[in-house]
1. Counting only the backbone N, which residues of the stretch 81-112 are under 14 Å from the spot 7 Å out from the Cα of L326 toward its beta-carbon?
2. Which value, in debye to the nearest 20, gives the size of the charge dipole of the chain about its Cα centre, when Lys and Arg are +1 and Asp and Glu are -1 at the Cβ?
3. Suppose each label sits 7 Å from its Cα in the direction of the beta carbon; what would the D75-L286 distance come out to in nanometres?
4. Could you tell me the relative contact order of the stretch 129-298? Use alpha-carbon pairs under 8 Å, at least six residues apart, and round to a whole percent.
5. What share of the DSSP beta bridges in the chain is antiparallel, in percent to the nearest 5?
6. Pick out, from G292, V21, L157, the residue whose Cα sits farthest towards the positive end of the charge dipole of the chain, with +1 on the Cβ of Lys and Arg and -1 on the Cβ of Asp and Glu.
7. Check cross-link reach from K301 to the aspartates and glutamates: straight Cα distance under 13 Å, and skip same-chain residues fewer than eight apart.
8. What does the helix-only formula give at 222 nm for the chain: each DSSP H stretch with n ≥ 4 adding -39500 (n - 2.57), the total divided by the residues, and the result rounded to the nearest 500 deg cm²/dmol?
Amino acid sequence: MDKTIILAVETSCDETAVAIVKDGKEVLADVVASQISTHQKFGGVVPEVASRKHLELINIIIEEALNKANLKIPDLTHFAVTYGPGLVGALLVGVATTKAMSFAAEKPLIGVHHIEGHVYANFLTHSDIEFPVVCLIVSGGHTTLIKILEHGKYEFLGQTRDDAAGEAFDKISRALGLGYPGGPKIELKAKEGNPKAVNLPRAWLEEGSYDFSFSGLKSAVLNYLNQCEMKNIPINKADIAASFQEAVVEVLVEKTVGAAVKEKVKTILLAGGVAANSVLRTRLSLRAEEKGFRLVYPPMKYCTDNAAMIGAAAHYKVLRGEFAGLNLNAVPNLKFSDYTSG
């Protein structure tokens with residue numbers, strides 16, 4: 001079946017998202033209920049609170065999506081859901097709800113890895129991507145470099161050995177008292193600062209490695225803050241934010257472009273929540289252009305968690321005949337490499 005109208009559900013963290021996607025690229029409805037304001041007072045996501053909010057919202061969001069698309073359940077061809085990785089309680093709400101709809105409607109079910117969804121956010125707005133490509137996936141829990149040979153076929157080039165980039169942003173934002181979520185807070189504060197004000201390390205690792213490490217950078221910032229406090233040196237939060245962001249972006253850009261050169265591709269994809277960072281977009285665009293690469297990234301609304309990207313990824317799984325049974329379960333620590341090899 002080439003024609004699909006997929007209702008997709010994404011509840012891996014603190015967004016309750018439902019979308020209806022036609023043929024992998026036409027978004028008929030895209031509804032996201034964010035919990036950011038709920039979790040801000042805690043300084044981060046509280047799993048139990050997130051799960052309860054998903055339970056309260058999921059049916060309302062599904063109904064809103066159907067109304068926006070002017071469709072009813074029988075009009076759909078498939079149901080798709082993120083089943084990992086993520087917060088187990090949050091994932092379970094989405095998985096249980098989607099399985100119930102699939103069973104009741106007697107329509108096929110597709111389980112999607114959250115990170116594959118981020119990759120396919122690019123295909124919602126760029127239908128002319130030619131394989132192979134190198135893709136940088138950078139989010140709160142993942143910093144990964146892959147080579148995509150064709151739809152559903154991946155080679156892993158590098159990944160984070162400790163903190164993901166987005167995780168580091170959140171921790172430094174908290175240390176600076178900027179609040180949650182860290183990425184947008186750091187980026188906003190950094191606009192006021194000097195990115196060369198504080199000398200911070202870059203973890204290049206072994207020669208030729210495309211892995212990432214941000215724990216040393218995080219520790220360097222925390223040590224700098226402690227030293228300033230002990231010596232009564234004024235802390236310029238804008239300079240620290242700008243210097244930290246610069247250190248993260250430089251490593252992400254150089255390793256990604258280096259991998260693209262080595263793999264002899266023509267196109268680089270950028271995906272994940274941190275792909276919304278304007279400094280990363282600009283710097284990677286410039287370096288890609290210098291080296292003769294085309295850079296593709298999603299619109300801002302498809303960088304952060306959403307269900308449209310899950311519907312896009314699910315479409316290509318339908319074309320490959322990759323369906324899930326009603327025994328599909330939430331897998332909070334689902335590795336992308338295990339998912340793609342299985």
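Just so it is clear, none of the values below were taken in a lab; they were calculated from the coordinates. None of these values were measured; they are calculated from a predicted model. With ideal geometry, Cβ positions are generated from the backbone for all residues, glycine too; neighbour counts draw on all protein chains shown.
1. Counting only backbone N, you get 96-109.
2. 400 debye
3. According to this spin-label approximation, the distance is 4.7 nm.
4. Values: 322 pairs, mean separation 46.2, N = 170.
Once divided by the residue count of the stretch 129-298, the mean separation gives 27 percent.
5. Values: 27 of 45 bridges.
Of all bridge pairs located within the chain, approximately 60 percent are antiparallel.
6. Highest projection toward the positive end goes to G292.
7. E15, D30
8. So the calculated ellipticity at 222 nm is -14500 deg cm²/dmol.
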